[in-house]
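The values are calculated or read from the model by the stated rules, or taken from the named source; none is laboratory data. Predicted model, so just to flag it, every value in this text is computed and none were measured. Quick reminder, even Gly has a Cβ in these numbers, built from the backbone with ideal geometry, and neighbours come from all protein chains shown. In case anyone asks, the SASA skips ligands and DNA or RNA and just uses the protein heavy atoms, side chains included. Shrake-Rupley method; radii C 1.70, N 1.55, O 1.52, S 1.80 Å.
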Amino acid sequence: MKVSLSYAVATLALLVWTGQVGAQLTGSQQERAVSEEGAEKIGQDFNPGDFDIDSGKAVFQEEGPNGKSCASCHGEDGEDLEGVAATYPKVVDNVYPIGNSSGPDLIHKGEKQGEQLNPNKAISGEGVRTLAMQINLCRANNMDAEPLDWSQKHGSDMRHLTIFVKSLAEGEPLAIKTDGKAKDYWERGKELYWMKRGQLNFSCGTCHVQNGGMRIRGQILSNVRGQYNKFPTFRMKKQQTRLMHTRYRGCNRRVRGHDLPFQHKGYRALEVYHGSLSNGQPMKVPGHSL
């Protein structure tokens, strides 16, 4: 009840503050207010996504069936993980060697959520491992706990835990590796980033490179550099923190194309390329976005 009340009060305060700012701005200032820079400025004063850091810390300290928690290995406040999230995603020799290999590759999550990869399904061999996959590996191997759901609709624990772990790298420069074994996956991600898709025939780069800073409907398109280091991010439009793969899926739908499952190998390769375009930018999680 107290948490719900806090959210309600915080949201009301944000709406009042935003309304006051909007009433005071004119001309180019109003244009800035509906840009990503404007949204980020609002988030500096108040970001509802910060509540998810505390929720994620609670999941971090929650014990699994064997009595161990994430904190058992990484410190009560996650001090041993400081800066680690700035290096994900990364290419490893065995992507996700857990789970029941006889289980289904996909599980249905309803019409709006589409399909997602089964978090109990093993993925063998070299490939991209995301932070979400690493979290589930640790839960299975060290806590005897069930993997957390990856989807936006059913995966609040994963979202909050990801935000908490990434917040431990606050201010650290993003450092996604793109050479060595990662180079092939970077190239595949680059191909996906620039591939035209959907009925609108747009690529990711159409909006966020070629037309970054331009207006689309009631807002201004963000530039690609400085995006990835702020995910998961609180989206004002959705009034919720959103995962990177949720954003990828949403963009695919908005160009009237087919989306891919959460943690699909295509999205994981896309993370390597897209993320690397913000290498060197300081981590700021959760971000605050339109």
* Asked: Counting only residues that are in contact with a strand residue (DSSP E or B) (Cβ under 9 Å, 6 or more places away or on another chain) and charged (D, E, K, R), which one in the stretch 149-176 is surrounded by the fewest Cβ atoms within 10 Å (Cβ to Cβ)?
  -> GLU170
* Near pairs, Cβ below 8 angstrom, 6+ apart or cross-chain, from the stretch 60-89 (touching a residue at least 60 places away in the same chain (Cβ under 8 Å)) to any residue that is β-branched (Val, Ile, Thr) and assigned to a loop (DSSP other than H, G, I, E, B) -> ALA85/VAL285; THR87/ILE176; TYR88/THR130; TYR88/ILE176; PRO89/THR130; PRO89/ILE176
* Can you tell me how many residues in the stretch 248-269 are assigned to a helix (DSSP H, G or I) and farther than 19 Å from LEU221 by Cα? -> 5
* Structure fact -> Inside the stretch 221-238, the number of residues satisfying the requirement of being surrounded by fewer than 19 Cβ atoms within 10 Å (Cβ to Cβ), charged (D, E, K, R) and over 16 Å from ALA86 (Cβ atoms) is 2
* Asked: Taking only pairs six or more apart or across chains, which ones have beta-carbon atoms under 7 Å, a first residue in the stretch 144-162 that is under 17 Å from GLN61 (Cβ atoms), and a second residue that is polar (S, T, N, Q) and open to solvent by 10 Å² or more (accessible area, probe 1.4 Å)?
  -> ASP144/ASN66; HIS160/SER55
* Asked: Out of the stretch 39-81, which residues are buried (at least 17 other Cβ atoms within 10 Å of the Cβ) and either closer than 30 Å to ASP179 by Cα or of a type in the set (A, V, I, L, M) (or both)?
  -> ALA39, ILE42, ILE53, VAL59, ALA71, HIS74, GLY78, LEU81
* To do: Within the stretch 262-274, identify whether any single residue is closer than 21 Å to GLU37 by Cα, modelled with pLDDT of 95 or more and open to solvent by less than 20 Å² (accessible area, probe 1.4 Å), and answer yes or no.
  => yes
* **Meets criteria (open to solvent by 20 Å² or more (accessible area, probe 1.4 Å), part of a loop (DSSP other than H, G, I, E, B) and either without any contact (Cβ under 8 Å) to a residue 40 or more places away in the chain or touching a strand residue (DSSP E or B) at 6+ places or on another chain (Cβ under 7 Å) (or both)) for ASP184** => no
* Set ALA140, ALA132: member being open to solvent by less than 20 Å² (accessible area, probe 1.4 Å), under 18 Å from ILE107 (Cβ atoms), outside any loop (DSSP other than H, G, I, E, B) and among the small types (Gly, Ala, Ser) -> ALA132
* Whichever residue in the stretch 187-220 is touching a Lys or Arg at 6+ places or on another chain (Cβ under 7 Å) and either surrounded by fewer than 18 Cβ atoms within 10 Å (Cβ to Cβ) or small (Gly, Ala, Ser) (or both) and, among such residues, is farthest from LYS230 (Cα to Cα) -> GLN199
* To do: Return yes or no: is ASP144 within 21 Å of ASN229 (Cα to Cα) and of a type outside the set (A, V, I, L, M)?
  => no
* If a residue has to be touching a residue at least 60 places away in the same chain (Cβ under 8 Å) and open to solvent by less than 10 Å² (accessible area, probe 1.4 Å) to count, how many in the stretch 246-261 make the cut? -> 1
* Checking ALA145 against (1) farther than 21 Å from VAL285 by Cβ; (2) not in a loop (DSSP other than H, G, I, E, B), which single condition isn't satisfied? -> (2)
